[in-house]
1. Can you list residues from other chains, or at least 5 along the same chain, whose modelled amide H is less than 5 Å from the amide H of residue 240?
2. For the peptides 905-912, 129-136, 111-118, 791-798, what is the packing order when you average, over each peptide's residues, the other Cβ atoms within 10 Å and list the highest mean first?
3. Where in segment 549-623 are there trypsin sites (Lys or Arg not before Pro) that are in a DSSP coil and have at most 14 other Cβ atoms within 10 angstrom of their Cβ?
4. Here is the link list: 466/701; 334/441; 128/408; 93/172; 523/683. Which ones come out longer than 28 Å on Cα distance?
5. For Cα pairs less than 8 Å apart in space and 6+ apart in sequence, what is the mean separation divided by the residue count of segment 108-264, i.e. the relative contact order in percent?
6. Per residue of segment 764-777, what does 6.51 cos²θ - 1.76 cosθ + 1.60 with θ = phi - 60° give for ³J(HN,Hα)? Whole Hz please, x for Gly and Pro, Karplus curve as stated.
7. Add +1 for every Lys or Arg and -1 for every Asp or Glu among the other residues with Cβ under 14 Å from the Cβ of residue 574, and state the total.
8. Could you state the number of Å between the C-alpha centres of segment 112-184 and segment 528-595?
Amino acid sequence: MRLLASSPLCLAVPGPRLFSSFSNEHSPASVLSASKTVLQSCAGCRFGQRSHGGGSLSIGVSSRRTKHYALDNCVFASMADVSLNPKVSEVPKGEMWSVHKFGGTCMGTTSRIQNVADIVIQDSSERKLIIVSAMSKVTDMMYNLVHKAQSRDDSYTLALDDVYEKHFLTSKELLDGDDLARFLSQLHNDISNLKAMLHAIYIAGHATESFSDFVVGHGEMWSAQMLSYVINKKGRPCTWMDTRDVLIVNPTSSNQVDPDFAESDRRLEKWFARQPPETIIATGFIASTPQNIPTTLKRDGSDFSAAILGALVRARQVTIWTDVDGVFSADPRKVSEAVILRTLSYQEAWEMSYFGANVLHPRTIIPVMKFNIPILIRNIFNLSAPGTMICQQPQKESEESSLETVVKAFATIDHLALVNVEGTGMAGIPGTASAIFGAVKDVGANVIMISQASSEHSICFAVPEKEVKAVSAALQSRFRQALDAGRLSQVEIIHNCSILAAVGQKMASTPGVSATLFDSLAKASINVRAIAQGCSEYNITVVLKQDDCIRALRAAHSRFYLSKTTLAVGIIGPGLIGGTLLNQLRDQAAVLKQNFNIDLRVMGIIGSKTMVLSNLGIDLMRWREIQKESGEKADLEKFVRHVHENHTFPNTVLVDCTADSNVATHYYDWLCNGIHVITPNKKANSGPLDRYLKLRTLQRKSYTHYFYEATVGAGLPIISTLQGLLETGDRILQIEGIFSGTLSYIFNNFNGTRAFSDVVAEAKKAGYTEPDPRDDLSGSDVARKVIILARESGLKLELADIPVRSLVPEQLRACSSAEEFMQQLPNFDGDMSRERNEAESDGEVLRYVGVVDVINNRGVVELKKYKKDHPFAQLSESDNIIAFTTMRYKDQPLIIRGPGAGSEVTAAGVFSDILRLASYLGAPS
Ligand SMILES: NC(=O)C1=CN([C@@H]2O[C@H](COP(=O)(O)OP(=O)(O)OC[C@H]3O[C@@H](n4cnc5c(N)ncnc54)[C@H](O)[C@@H]3O)[C@@H](O)[C@H]2O)C=CC1
Ligand SMILES: N[C@@H](CC=O)C(=O)O
Ligand code: NA
């Protein structure tokens, strides 16, 4: 043992551990000299700080009253006893205390420190205990010093200069006069002590944890002192507390510490014997062991300091100041619509932090929870935000029971693997679970969730992906015999999994929560691999594919919060119908959002040449201008990828408003990928039968929807009526009607007063015709509708099976464009006039009709003559009329009549399919 003459207060024993990693090249003499330097430097640093910051310092104590601060085997005499009045006074406790904790960001600059001082002063509580972290980045800088020194990187001296510079400059800006002089003298002293200590570490090539903790803790000491001076300068008496004198903790095995409340309480009482003023600035993060060895509270240490001190003084409230508005309902980087939670119960906060949400560390909650002290999380940069209160389940909320208050938040953990141990030999055999988890424990893996069905044939659990290899090997080896004998069938590893957890204390007592959660996942086409829910029911944990995780998070979040149903919409073909639909969406969006909780966002519009994409939703007031100004080259694959993946919505719908068969060929893949499809385009349902059947089979077995109401009768409810009849058990006998708005208009208006071609031109102008009117006149549009209804009714017909009477003159069938056809059509007006006149002379009218004859398994499209009093003769404009003859509607057919073409009614038919989808996805009906 060496007694250091330079300081009567410091006793030091250089121990073997400190220098144990010295290499042979160091002579014993250099070791000794290094240890001496460390010890001398320590003599000043610890006690010097105290004398400057804490006030009285008695020197020359008797050995009986000298305590020891030991840094491993290096023992330092403590100032604790000598500086305190031996008379122990009662610590005032209770409601009068308000505790605030300011993190490093809050203490980041001079203006922020001033701001912190103002917040402290504005708090009108009788007593204030303020816990501060080191200035931002300082803790890292301090760790870096130790790291450099022990790696024998001599740039630690430059790094130490940076530390000095940062505090020197900050204090110069904040303080003046005696305060500045005192602080700088202290700083100078500390830095030279640190320099000596780091030098010793450099020589030793090793720093023990205590040394490291001791070095690092200086950041908090300086920030606490500076803030204390600033508050004093503003006229509020204030002192600072070195929490190593008060907070006593026992390190545990898992890089954590357990507070010793009884001893801390005793030390706090001693500390209060100083009769400090009402405002105390305490160092966060640092503490001592019962042997007075400096230590830290490890991760999130300052929050923990605040919680322990808050509990020790039984504070009214602990406010944690940070740089976010509070605790979000989900990670806002993943869910842009995440909301700030006003309240969380202790247990909910606990669960959230376990799942990696940026809340408090669970251990931070324990001390305050014991005394029912609320923790308020507030944003120092946004004082208008009320923050999140973590407290016992608030009274007000327990009265409400909406799903939003029941499920508070969602969290995720990525990079997991699921281990499934399966076999008939597990059931009813006690000890299987113990053997499995014993093997897992032996390799030190962390089990994140466990699930076992009551049949006991399998146990599955999630572990971090990086640990699964070892787990798998351990299980294979542990159960080799059982696997060989077939008692266990497999140890299966499912890689790339994530956990999604729904957190909420009241889930336990509210029916329907898990149903809603799983429904939202099913509707977003998310496959759930495993489920766990403890009987405390603070969280429901779902394991799913990592690729699905963000979508799952969004689907669940949007189901429980605010916009109940959010839908990303991609519009393909912004022509007449697509364009009208976009305008209708524009006009109705706000109402849907406000009154129906449906948030429709058009994330992309693609035409045949250009497309526009948006991450937040295209401004529908200006979609045409945007398309013109910033449209990029159309690329359907890129478009689909963007609309489906590049945004924050869980559900995607593509609305095909083209008449293109090629676009229709993609529906199957889109549906397979969980993209809903809505269309007025008849090409898919009237295309090749095998493709149609494949599509419908897929539609029926998935939760992804395919709606096509506007393919027949435009906005008239034809498809849904037919489906309703079939689903309720009716049998269709025949569907007969006028299915073409164009041909209806033409024959309603072709009354001898104008030429046939003029009436066709009028129908085109009115927006009734297909992009190419020959599709109407040829009867192929009607034939497609007949096929669609026939297939819906169960007939397996191809388009070619339908005999069609075409009204396109033979000579014009080969015209290269619709325009050329329209130009030439007047040349053939005579033919149609003759036919019309013949009917007229018989007292009849011409009507273009389609028939689905279910009984005879056929369809027909023909131009027929009807008596003038026949219902088909009574139509006007673009009216469709469709008569369903069924077993239930046998004598009197069910008739639907109304406009069967035109932009507004057709777009509205498509729009109502979108709303039907929203309601299937959970929007209120
Ligand atoms: N007009 C009506 O009353 C009714 C129309 N429909 C159907 O609505 C659909 C649209 O009809 P309209 O709007 O009248 O036609 P339109 O010709 O005005 O619009 C179609 C749009 O799709 C675009 N387009 C074509 N191929 C494309 C591709 N591969 N990718 C992206 N864009 C493409 C075109 O450039 C055009 O802008 C058709 O399938 C039609 O049968 C259904 C019921 C009634
Ligand atoms: N061109 C069609 C439009 C609706 O499908 C028609 O005229 O009916
Ligand atoms: Na319809």
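The values are calculated or read from the model by the stated rules, or taken from the named source; none is laboratory data. This one's a predicted model, so the numbers in the text were calculated from it and none came from an experiment. Reconstructed Cβ throughout: ideal geometry from the backbone, glycine too, with neighbour counts over all protein chains shown. Just so you know, the surface numbers come from the protein's heavy atoms only, side chains and all, with ligands and any DNA or RNA stripped out. Shrake-Rupley method; radii C 1.70, N 1.55, O 1.52, S 1.80 Å.
1. Here the answer is 281, since their amide H atoms fall under 5 Å of that of residue 240.
2. Numbers: 905-912: 23.1, 129-136: 27.8, 111-118: 18.6, 791-798: 17.0.
So the peptides 905-912, 129-136, 111-118, 791-798, ranked by packing, come out 129-136, 905-912, 111-118, 791-798.
3. When the trypsin sites (Lys or Arg not before Pro) of segment 549-623 are filtered for loop state and at most 14 Cβ neighbours within 10 Å, 609, 622 remain.
4. Details: 466/701 36 Å; 334/441 33 Å; 128/408 31 Å; 93/172 36 Å; 523/683 26 Å.
Over 28 Å apart, Cα to Cα: 466/701; 334/441; 128/408; 93/172.
5. Values: 146 pairs, mean separation 45.5, N = 157.
Over segment 108-264, the number comes to 29 percent.
6. 5, 4, 6, x, 8, 7, 5, x, 10, x, 5, 5, 7, 5
7. Working: positive: 586, 609, 622, 624, 628; negative: 625, 656, 660.
Charge balance in the 14 Å sphere: +2.
8. Each part reduced to its Cα centre gives a spacing of 46 Å.
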